Each structure stands twice: as C-alpha cells, then as structure tokens.
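Presented below is the structure to which this report refers.
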Amino acid sequence: MHKPLTQKRLHAAIIVTAILAAATAQAAEVTVNQHDKAFVVEGNKIETITINVGDTLRFKNDDPFFHNIFSLSDLKTFDLGSFPKGKSKTVTFDRAGMAEVECAIHPEMYIEVTVK
Amino acid sequence: MKIHPKFILMAHKVLFITCLSIAATSIQAGEDYSHFLRPAEVPQPDNNRITTARVELGKMLFFDPRLSGSNWISCGTCHNPALGWSDGLPTAVGHGMGVLERATPTILNTAYQPLQLWDGRARTLEQQALGPLKATGEMNQDLDEVIRELSVLKGYRDAFEDAYPGEGITKETLAKALATYERTIVSTEAPFDRWVKGETHAMSKTAQKGFEVFLNKGRCVLCHSGFNFTDNGFHNLGLKGDHDPGRYGIRKIKILKGAFKTPTLRDVELTAPYMHNGMYKTLKEVIDHYDRGGDTKDNLDPNMQPLHLNPSEKASLVSFLKSLTGEPAPVTLPRLPIE
Ligand SMILES: [Cu+2]
C-alpha cells in the first residue's frame, strides 16, 4: 500500500504532470532557422508553416549577420528585435488564424504562419 | 597515455592559427566566387515580357521631358546614363529646381531588386515607374494629362500599338514600357568579374587584397552580398545629423528608424556622391565612416562596429570597389515624336 502523499507533494506532482502534458501533447516547439536570408525548417526552405494553437516557433539565426523577425498581423503582433548568429527567440501563437512573419532587415524573408 | 591538458590547449591554438591563415590567403583566382557574377537572365514578369518594341517605347518615354508637368524634366534628367544612371548631386533636384531630401539612386540592376527606392515602398518597377511622375516635388505631372499629351502624337500611338497591341496608351502601358526599358539597364562585365572567371591579372594585387578585406575584416559583405553587392535589406548606418525616418515610414519596426536600402556597388565609382543623403563625396570618406563604426549610435545597425582598418587596407578597398566598374555601355538616344 502507498504511503499517503502530503498535500505539498501532491501539488508538486500535479504541476509536473501538467508541464509534461503541455510539453508532449499540446504545445510543440518548432525551430525555424534563418539561413542564407531564408526561413528554413529541418534543412528545407519554407514559405508557409502550419502549427497548432499554443505552439511556439523558435527563430534561430544561422547567418553571420543580424536578423530581426517581426509580425504586424492582427493575429499576433511582435518584434523580436535583432539577434546575431547562434541566438534564437521564441513566439507562442495562442489563437487560431494566419500571421505574416517577416525579417525587418531583409523583407525578402517572409513566411505565412497558419495556426489551427 | 595521458595527454597533458596544456598540450591540448596548444594544439587547439595551432589549429586556430592555421584556420586563420587559410582564411587570410583564401582570396585567389580560381576559387569559386561565381555567385558574384550577374545572372545572364534578367527577371521579368509574365504579364510584361521584354520585347524590342517595348524596350524602344520605354526608352523614348524615359528620355522624353514631356513626361513631366513642366515638359522639362525626363527620367533621364536625374537618371543620367553619363553619370552612372544618377545625377552627380548630393540630393536630387526636381520640379521648379526644388532640392529633394534624398539622393537619386542609380537604376543599374533594379530589375534584380525585390523592392524599389531607398525605402522600398514600391515592389515592382511597374509600381515604381509612375511614382516620380506624379510626385509634386519631382516631375509634378498629372497622369491623365500626360496620357492625353502622348495620345495626340502619332509616333507614340504607333509605338504603343507595336509594344502593347490593342492595349492603348494608358497608365498601365506607360508604366510597363518604362519598367521594360529599366530592365535593360544592367551591369556590364567588370575587371572583378573577369578575375572571378579566372583571369588572374584582370584585377590588381591591391584590388585583390581589397576583396579580401571586403569579405573579412571590413565586414562589407555582411550587407553588400551577392552579384549585385546588396542584401536588398535596410540598415541604419549612423549618418551624422540625418533625421530621415527611411524604411520606418513604410514599416513601423524599431530597427528600421533611419534605415535605408543597401545600394548596389556595381559601378559605384561612377555614382558619387554617396549615401541616401549624398553626404560623402568620395569612396574614401565612405570607408572612413564605416571604419569609425558609424557616427550616430541611437539606432545603429547591429552589423556596424569600428573596423580598425589601416591606411593600406582602406586604399585596397577603394581599389577593389573601382574594379566593380563595368565596361562602358553606350546609350543611343531615341528620336522623340513631335507630331
Ligand atoms: Cu534578416
């Protein structure tokens, strides 16, 4: 027979389970690399990406110069500021819809993010 | 066997120094720098392919001062082929001799640009073409009026019919013809290109050293990349006393305050003075500016930093930039319709 958990321990267990559930079932994190002035996922240049509500995009700069990722879309407005090679910044999309994401420095870098 | 940690550290140092020396000597003929050569094919939209008739019409319009409200300023007044398709002035002079805020950019290789103008506010050459015509400070023209003026001239009626059969003389065909002519204004082969193709002596040793500085210590290539020597991007260079919002007027993102489009370096020797406000007279002054890491730091592009170039490195950079000057491409002027 199990020893009854203390109230404190029970809370901790619930929190850990919640975090695990969020990390596995619900909120995925996808890394979008900035490579040769293009958005790249797992080595492939992308122009669109589809994710689920609650998912996070991690924008990671692989180029030897700065990028500055932003969106002025109604769905999600953000400005990640500029960041150099090797650095990354994240954005979590908490509503369904479509967002246009661009690099302010290099407007040729443009993707449409669809959130389901 | 146990390797002493100090030895490992030394081995790393040796390896590092070896890598450095490889980088320093990596600029030589025969290396593949082919991405610095202009693609032979000029991008052109499906709904406005380049044809001889369209180029000829576009050229007539480009050099016709009747496109302006005063009938005195043509596109070629500011985009003068004898001055590197610019005007040799710090900033442009427009309608009524009014001095404008920004320098006239060269139109060399604009066909390859994804965004037009210093602030990128027009995407295509077709979108850009009529902007200066309408702008009160520039050509100060009423578009309906210019269409009427062109329509009474048989020479133009025929030229438009040849170029755009059945489409008539409209704002659209006017813009399309001008855009088509601009697509023919592309850089020609420069000593640098011949060197890239393997002609070892096409570029002087000094210019070759300048290319090495350009790629490494000078950090120039971080923005002036590819065959057109531009990232097609927007940067605040920290020009002293400049308060033009630049790209920020188009996109309200902090980094874009005071940022302007990276211009091509093709034929840069021919397009002095330099910068979007024409504040520097010589390439030497421009290089000194970058060497200081810019002057105004409030919203300086993060790629900018003091470079600590020595006088010989600076001189070699100038020499390299001059090796980007293409063969002369003489322009024959059209005979404009007078009735
Ligand atoms: Cu970028």
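The values are calculated or read from the model by the stated rules, or taken from the named source; none is laboratory data. In this text, all values refer to a predicted model and were calculated from it rather than measured experimentally. Note that we place each Cβ from the backbone using ideal geometry, even for glycine, and neighbour counts take in every protein chain shown. Surface accessibility is based on the protein's heavy atoms, side chains included, excluding ligands, DNA and RNA. Shrake-Rupley method; radii C 1.70, N 1.55, O 1.52, S 1.80 Å.
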Test item: Cα-centred dipole of chain B, Lys/Arg +1 and Asp/Glu -1 on Cβ, debye:
1400
With label points built 7 Å along Cα→Cβ from the Cα atoms of residue A:79 and residue B:312, find their separation and express it in nm.
4.5
Local electrostatic count at residue B:235 - Lys and Arg +1, Asp and Glu -1, tallied over other residues with Cβ under 15 Å
-1
Once all Cα-Cα distances of the protein assembly as shown are split into 10 Å bins that start at 0, what whole-number percent is in each one?
4, 17, 24, 23, 17, 8, 4, 2, 1, 0, 0
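Mean residue ellipticity at 222 nm from the helices of the protein assembly as shown, using -39,500 (n - 2.57) per DSSP H segment of n ≥ 4 over the full residue count, to the nearest 500 deg cm²/dmol?
-8500 deg cm²/dmol
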Work out from phi, with θ = phi - 60° and the Karplus expression 6.51 cos²θ - 1.76 cosθ + 1.60, the ³J(HN,Hα) of each residue of region B:178-183, listed in order in whole Hz, and give x for Gly and Pro.
4, 4, 5, 4, 4, 5
Here the FRET efficiency for residue A:100 versus residue B:205, based on Cβ atoms and R0 = 41 Å and rounded to 0.05, is 0.25
Of B:53, B:179, B:92, which has the largest mean-square fluctuation in a 10 Å C-alpha GNM of chain B?
B:53
Give me the percent of accessible area attributable to carbon and sulfur for region B:52-182, probe 1.4 angstrom.
54
Please list the non-local residues whose amide H lies under 5 Å from the amide H of residue B:85, H modeled 1.01 Å from N, same-chain partners needing a gap of 5 or more.
B:80
Cβ crowding within 10 Å averaged over residues, with B:253-260, B:122-129 ranked highest first
B:253-260, B:122-129
³J(HN,Hα), Karplus 6.51/-1.76/1.60, whole Hz, each residue of region A:108-116, x for Gly, Pro:
5, 7, 8, 9, 9, 9, 9, 10, 9
So how many Å³ per residue does the convex hull of the Cα atoms of region B:253-326 work out to?
91
Hull-based mean projected area of region A:28-115, where the convex hull spans the alpha carbons, in square nanometres:
4.7
Region B:137-178 versus region A:58-90: alpha-carbon centroid distance in Å
44
Expressed in whole Å with the largest first, what are the equivalent ellipsoid semi-axes of region B:73-121 derived from the C-alpha gyration tensor as the square root of 5 times each eigenvalue?
19, 13, 9
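Would you tally the net charge around residue A:115, using a Cβ to Cβ cut-off of less than 13 Å, leaving residue A:115 out, and scoring K and R as +1, D and E as -1?
Net local charge, residue A:115 excluded: -2.
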Given charges of +1 on the Cβ of Lys and Arg and -1 on the Cβ of Asp and Glu, with all other atoms neutral, how large is the dipole of region B:45-123 about its Cα centre, in debye to the nearest 20?
160
Accessible-area loss of at least 20 Å² (1.4 Å probe, chain alone to full protein assembly) applies in region B:213-243 to B:222, B:231, B:232, B:234
Cα-based Debye curve of chain B sampled at q = 0.07, 0.09 Å⁻¹ gives log₁₀ I(q)/I(0) of -0.35, -0.55
I'd like the mean, over residues of B:259-268, of how many other protein chain beta carbons sit within 10 Å of each residue's own Cβ.
1
The answer for the net charge of residues other than residue B:168 whose Cβ lies under 11 angstrom from its Cβ, with Lys and Arg +1 and Asp and Glu -1, is -1
How far is it, in nm, from the label point at residue A:30 to the one at residue B:99 when both lie 7 Å from their Cα along the line to the Cβ?
5.3
Over chain B, with neighbouring protein chains present, the accessible area per residue in Å² at probe 1.4 Å is 49
As a test of reading the structure, rank B:274, B:248 by solvent-accessible area (1.4 Å probe, protein chains only), most first.
B:248, B:274
Burial-style ranking of B:74-81, A:81-88, average other-beta-carbon count within 10 Å with highest first, yields B:74-81, A:81-88
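For peptide B:244-251, how many partner chain Cβ atoms fall within 10 Å of a residue's Cβ, on average?
Whole-number average of other-chain Cβ neighbours for B:244-251 is 1.
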Just the accessible area per residue of region A:28-115, please: how many Å² with a 1.4 Å probe?
45
Along each of the three principal axes of the Cα atoms of region B:206-339, give the extent in whole Å, ordering the values from largest to smallest.
56, 42, 25
If you line up the long axis of helix B:52-62 against the longest principal axis of chain B, both from Cα atoms, how many degrees apart are they, to the nearest 10?
90
At 1.306 mPa s and 10 °C, plugging the Kirkwood radius over alpha-carbon pairs of region B:52-182 into Stokes-Einstein gives what diffusion coefficient in µm²/s?
107
Taking 0.36 nm per residue of sequence separation and subtracting the Cα-Cα distance, how much length would be gained by fully extending the chain between residue B:41 and residue B:121, in nm to one decimal?
26.3 nm
Whole-Hz Karplus ³J(HN,Hα) for region B:281-289, in order, using 6.51 cos²θ - 1.76 cosθ + 1.60 and θ = phi - 60°, x for Gly and Pro?
7, 10, 5, 4, 5, 5, 5, 4, 4
